[in-house]
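Comments concern the structure below.
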């Protein structure tokens, strides 16, 4: 019964993540979604800036702090280790859903592309960003990243083993291609409003700060193997190799 609960919980958390992830594409792209980054109630620009910044900060703090190895050790004293990752994914998804629901649009236009080629290029980069995000999760281990592998192994009575360190595809040149994909999707916009600029700028700042701590954890876990990897691969952009 316990194994069934753990597996069901992990699958439910993953489905919540998947729904929120798909909604995020529509939200950020101002596409066909009930609420998007540039739709809904706006009001005072100053109040909207403060509210939106708080919503982004709540997500960023959780997403970064609870991902640290030290926090995970403390958390698994309270909840079973097999559902630690699923719980992290679930709470992150809920915070994103809250952000989408409470986001206050700030439709002040910062720039707007009217050229057909420019518009097509922006949408191309936007789509490429999301493709990079999703495809690079499968290059390492999509199901481990979102907690399914952990609960499945527990349900099968197997001891969990961390994913082997590997650098396939884009990972050969970039250490965090998932974050590169997100940044491309966040910034590629034919029309950049103040609200979207705030979202893209604060998310970029968060990514750059969070990666600093994640890199420290990875070095602590993999040691010299990761240090060597850092020397040959860029953080979110390929390193320029001098001849």
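Where a number appears in this text, it was derived from the coordinates with a stated rule and is not lab data. None of the values given here were measured: they were computed from a predicted structure. So basically every Cβ, Gly included, is an ideal-geometry build from the backbone, and we count neighbours across all protein chains shown.
The figures follow:
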quantity: Förster-model FRET efficiency, 22 Å R0, residue 131 and residue 35, C-beta, rounded to 0.05; calculated: 0.40
quantity: Using alpha-carbon coordinates, inclination of helix 116-140 to the longest axis of the chain, degrees; calculated: 10 degrees
quantity: Cα-based Kirkwood hydrodynamic radius, segment 2-232, one decimal, Å; calculated: 19.2 Å
quantity: Segment 76-145 shape via C-alpha gyration tensor axes, a/c threshold 1.5; calculated: oblate
quantity: Contour excess over end-to-end distance, with Cα ends at residue 65 and residue 158 and 0.36 nm allotted per residue; calculated: 30.6 nm
quantity: Angle between the chain longest axis and helix 2-29 axis [Cα atoms, degrees, rounded to 10]; calculated: 20 degrees
quantity: Separation of the residue 217 and residue 78 label points, Cα + 7 Å toward Cβ, nm; calculated: 1.6 nm
quantity: 0 to 90° range, to nearest 10: angle between helix 84-102 axis and the chain longest Cα axis; calculated: 10 degrees
quantity: Förster radius 22 Å - calculated FRET efficiency between residue 12 and residue 208, Cβ distance, rounded to 0.05; calculated: 0.10
